[in-house]
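Visitor: One structure, as C-alpha cells, below. Some questions next.
The values are calculated or read from the model by the stated rules, or taken from the named source; none is laboratory data. These numbers were taken from a predicted model, which means no experiment stands behind them. FYI the Cβ positions are ideal-geometry reconstructions off the backbone, even for glycines, and counts take in every protein chain you see. Heavy atoms of the whole protein, side chains included, go into the accessibility calculation; ligands, DNA and RNA do not. Shrake-Rupley method; radii C 1.70, N 1.55, O 1.52, S 1.80 Å.
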Amino acid sequence: MPENKYDVFLRGLAFPAVLVLAWILVGQFGLIDPRLLVPVQRVIAVPFFDPDGRTIWLSLVTSLVRMVAGFLIGGGLGILIGFVIGTSSLANRLIGPSFTAVRQITVFAWIPLLTAWFGNSDGAKLVFIALSAFFPAALNTQQGLRDVPIALIETSHVMRLSWRTHLFRLLLPSALPSIAIGIEIALISAWIGTVGAEYAMGFGRGIGIFLAEGREQFRMDIVLIGVVTLALVGYGMNIVLRCGLRRLVPWQRQNS
Amino acid sequence: MRAEALLDTRSSLDIQAVSKSYRVDGKPREILRDIRFTVEPGELVSVIGASGCGKSTLLRLIIGLDTDYEGDILLDGRSIDGPTADRGIVFQEPRLFPWLSVEQNIALGLDSSGASPAEVKRIVTEHIEIVRLNGFARAYPHQLSGGMAQRAAIARALVSRPKILLLDEPLGALDSQTRAYMQDELLEIWRREKITIVMVTHDIEEAVYLSDKIVVMEPEPGRVCGIVSIDAPHPRRRGTSKFSALKDRVLSVLVRTQSAASAGLVRSHPAAQGGIARRYG
Ligand SMILES: Nc1ncnc2c1ncn2[C@@H]1O[C@H](COP(=O)(O)OP(=O)(O)O)[C@@H](O)[C@H]1O
Ligand SMILES: [Mg+2]
C-alpha cells in the first residue's frame with residue numbers, strides 16, 4: 001500500500017504538536033518559572049507587539065540577504081576552483097594539497113582571524129559566510145569531476161568531441177549530482193555561517209544578533225522566537241533545495 | 001584514376017610485432033606477444049580467441065587509446081598517434097551517455113564532422129533506421145535493452161563514416177534473430193561504404209559468415225596462432241557443407257591450443273563440439 005504524502009506529513013507533525021501541547025500546559029499551570037520557559041502565546045506575540053521583538057523582521061531579511069550574498073560568492077568560487085582542480089591534474093598538484101590542508105581548519109576557527117583583518121564589519125561576516133559555502137561546493141565539484149567514468153571519457157576521446165561538447169555533454173552532466181549535493185551543503189553551511197558569524201561578531205543587524213541580544217537581556221521570549229525562526233528558515237531551504245535539485249538531475253529519478 | 005579514388009576511402013592496417021604488458025602489482029604482465037597481421041584496404045577481418053586473450057586490448061592499441069606498447073601499428077603506412085576521426089570503434093560495452101537520448105548519443109558521433117544541424121538530424125534518423133531503433137530516438141539508455149543499447153552504439157560509430165571501423169564483440173548481446181539481421185546489415189554497410197573492418201567476436205560462425213580473414217588468437221600471453229582466409233563469395237549460406245568445412249578449419253586452429261577448449265569457446269557450439277569429438281575423442 002503506497003503511503004499517502006499527506007499522512008506522512010501529519011505523522012511527522014505529531015511529535016512537535018505533543019511538545020507544543022506540553023509547553024502550553026506547563027505555562028498554564030505555572031510548573032516552570034515563566035522567565036525560563038515563556039508561555040507560548042507570549043512568544044507568538046513577540047514579533048508583532050513587542051518593540052524589541054518587532055526588529056526580528058528586519059533582522060531576518062538582513063540575515064537572508066547576507067546568506068544569499070555569501071553563498072553566491074563562496075559557492076560560485078567553490079564550484080570554479082573545484083572545477084579547475086577536478087579537471088586539470090596540474091592544478092590539482094599545485095593547489096590540491098593546500099586546499100586539503102586549509103579544509104581541515106574548522107570554519108569557526110576563522111572568526112578571530114577574520115575579525116582581526118576586517119573588524120566586526122559586514123565584510124568580515126560576508127567573508128566568513130563565503131568561506132563556509134566555499135569548501136563544500138569546491139569539494140563536491142572536484143569529487144564529481146574525478147568520478148566521471150573513464151569509459152565515457154575514452155569514448156569522448158575516440159569520437160574527438162570538441163572541448164565544448166566534452167564539457168557540456170559529458171563532464172558537467174556526469175558531475176551534476178555531486179555538484180548539486182555541494183550546492184545543497186553550501187547553502188546550509190552558508191546559513192549556519194550567517195547565524196554563527198552574527199552571533200559571534202555582533203555589530204549591526206541580523207537574526208544571530210537578535211538572538212544574542214535577547215540572551216543578554218534575558219528575554220527568553222525573544223530567544224525562543226529566534227530559534228523557531230531559524231528552524232523555519234532551515235525547513236524552507238530544504239523544501240526549496242529538494243524541488244530545485246530534483247529538476248537539475250532528472251535522469252536520476254528513474255534509477256533510484 | 002577511378003580505382004585510386006576508390007582506394008582512397010579505404011584504410012589498410014599493419015600490425016607489426018606488437019607486444020603489450022600491463023603492470024599488475026608492480027610487476028609487468030605480458031598481455032600480447034608479437035602480434036602480426038595485416039588488414040588490406042576494404043577487408044573485413046575477424047579476431048577470434050578465448051576471453052582474456054587480449055582482443056579488447058589490441059583494439060585499444062589500434063584506436064589509439066593506449067600508446068604504451070612495443071612494435072608498430074601502421075595505418076595506411078603511418079604510425080598511429082592517438083584517436084583520429086577516420087577511425088571508429090564500438091566498445092564491448094555500449095558506453096552511451098546516460099543523460100542523453102538515443103538520438104543525442106548518436107549525434108555525438110558527428111560532433112567533430114562540422115555537419116549542420118539539419119544534416120545531423122537527417123544522418124542520425126537514417127542510422128536509427130539502419131540499426132532498427134525506430135521509435136526509440138527519444139528514449140534514454142536506461143530504457144533500452146542491452147542489445148538495443150549496443151545497436152545505438154553501432155549507429156554512433158557509423159554516422160561519422162570512418163575509413164576503418166573496429167568492433168569489439170558488437171553483436172554479442174543480441175538475440176539470434178536481431179543478430180542475423182545485424183550481420184547482414186553490417187555486410188551491407190561494409191560493402192556500401194567500402195570501409196575496412198576489424199571485428200572481435202567469440203562466435204566462429206559469425207566470423208566465417210562475415211570475414212575475408214580470421215585471425216585466431218590463443219591466451220597467456222595473447223598470441224596469433226593462425227590466420228584463416230575465407231574465400232567464399234557473399235552472401236554465404238550457413239547450412240552448406242562448404243560453410244561447415246570452413247568452420248571446422250577455424251576450429252582446428254583454435255583447438256590446437258588446449259586452453260581455448262577449456263576457456264569455453266568451443267562448448268557453446270554443439271556442432272563444433274561434435275567435430276572435436278571426432279578428431280580427439
Ligand atoms: N588496465 C589493465 N590492467 C591490467 N590488466 C589488464 C588491464 N586491462 C586488461 N587487463 C588484462 O589483460 C587481459 C586481456 O584482456 P582483454 O583485452 O579485455 O581480453 P579479451 O578482450 O580478449 O577478453 C586480461 O587478462 C585482463 O585481465
Ligand atoms: Mg574483450
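Visitor: Quickly run through region A:74-105 and pick out the residues that are part of a helix (DSSP H, G or I), within 16 Å of A:S132 (Cβ to Cβ) and of a type outside the set (D, E, K, R). Before you say what the answer is, go through the steps one by one.
Guide: So in region A:74-105, the residues part of a helix (DSSP H, G or I) come out as A:74-87, A:89-103.
Narrowing further to those that are within 16 Å of A:S132 (Cβ to Cβ): A:74-79, A:81-82, A:99, A:102-103.
Residues satisfying the conditions are A:G74, A:G75, A:G76, A:L77, A:G78, A:I79, A:I81, A:G82, A:F99, A:V102.
Visitor: Scan region B:107-126 and tell me whether some residue there is of a type in the set (S, T, N, Q), open to solvent by 30 Å² or more (accessible area, probe 1.4 Å), under 21 Å from the mean Cα position of the chain (by Cα) and away from ligand 2 (no atom under 16 Å from the Cβ).
Guide: So the first thing to find is which residues in region B:107-126 are of a type in the set (S, T, N, Q), and the list is B:112-113, B:116, B:125.
Filter again for open to solvent by 30 Å² or more (accessible area, probe 1.4 Å), leaving B:112-113, B:116, B:125.
With under 21 Å from the mean Cα position of the chain (by Cα) added as a condition, the list becomes none.
For region B:107-126, residues of a type in the set (S, T, N, Q), open to solvent by 30 Å² or more (accessible area, probe 1.4 Å), under 21 Å from the mean Cα position of the chain (by Cα) and away from ligand 2 (no atom under 16 Å from the Cβ): absent.
Visitor: Now, a different point. Going by the structure shown, is B:D81 in contact (Cβ under 8 Å) with a residue 40 or more places away in the chain and acidic (D, E)? Before you say what the answer is, go through the steps one by one.
Guide: Numbers: in contact (Cβ under 8 Å) with a residue 40 or more places away in the chain: no; acidic (D, E): yes.
No: the conditions fail for B:D81.
Visitor: Can you report the number of residues in region A:140-195 which are of a type outside the set (D, E, K, R) and away from chain B (no Cβ under 14 Å)? Explain how you work it out, then say what you get.
Guide: Here is the first cut: in region A:140-195, the residues of a type outside the set (D, E, K, R) are A:140-145, A:148-153, A:155-159, A:161-163, A:165-168, A:170-183, A:185-195.
If we keep only those that are away from chain B (no Cβ under 14 Å) too, we end up with A:140-143, A:145, A:181-183, A:185-195.
Count: 19.
Visitor: Among (1) open to solvent by 50 Å² or more (accessible area, probe 1.4 Å); (2) without any contact (Cβ under 8 Å) to a residue 12 or more places away in the chain; (3) under 30 Å from B:R161 (Cα atoms), which single condition is A:P149 missing?
Guide: For A:P149, the exception is condition (2).
Visitor: For region B:221-240, check the following and say yes or no: at least one residue is closer than 27 Å to B:S160 by Cα and within 16 Å of ligand 1 (Cβ to nearest atom).
Guide: Of the residues in region B:221-240, the ones closer than 27 Å to B:S160 by Cα are B:234-235.
Next, only the ones that are within 16 Å of ligand 1 (Cβ to nearest atom) stay: none.
Checking region B:221-240: not a single residue is closer than 27 Å to B:S160 by Cα and within 16 Å of ligand 1 (Cβ to nearest atom).
Visitor: Select from region B:190-205 the residues that are in contact with a strand residue (DSSP E or B) (Cβ under 9 Å, 6 or more places away or on another chain), modelled with pLDDT of 85 or more and away from ligand 2 (no atom under 15 Å from the Cβ) and list them in ascending order.
Guide: Hits for region B:190-205 are B:W190, B:I195, B:T196, B:I197, B:I204.
Visitor: Do you know which of the residues in region B:30-60 that are of a type in the set (K, R) and within 16 Å of ligand 2 (Cβ to nearest atom) is nearest to the other protein chains (Cβ to nearest Cβ)? Let's see the steps before the verdict.
Guide: Of region B:30-60, the ones of a type in the set (K, R) are B:33, B:36, B:55, B:60.
Of the ones still in play, those that are also within 16 Å of ligand 2 (Cβ to nearest atom) are B:55, B:60.
On the way: B:K55: 17, B:R60: 8 Å.
The extreme case among them is B:R60.
Visitor: State all residues of region B:61-98 that are surrounded by fewer than 21 Cβ atoms within 10 Å (Cβ to Cβ) and facing chain A (nearest Cβ under 9 Å); if no residue qualifies, say none.
Guide: If the condition is that a residue be surrounded by fewer than 21 Cβ atoms within 10 Å (Cβ to Cβ) and facing chain A (nearest Cβ under 9 Å), then B:G64, B:L65, B:G82, B:P83, B:T84, B:A85, B:E93, B:P98 are the ones that fit.
Visitor: I've got another one for you. Working carefully through the options A:V84, A:V102, find the one that is of a type in the set (V, I, T), within 30 Å of A:A69 (Cβ to Cβ), in contact with a helix residue (DSSP H, G or I) (Cβ under 6 Å, 6 or more places away or on another chain) and assigned by TED's automatic domain parsing to the domain that holds A:V195.
Guide: Details: A:V102 fails: in contact with a helix residue (DSSP H, G or I) (Cβ under 6 Å, 6 or more places away or on another chain).
Result of the check over A:V84, A:V102: A:V84.
Visitor: Filter region B:169-211 down to the residues that are open to solvent by 10 Å² or more (accessible area, probe 1.4 Å) and within 16 Å of ligand 1 (Cβ to nearest atom), then identify the one that is farthest from the other protein chains (Cβ to nearest Cβ).
Guide: B:D203
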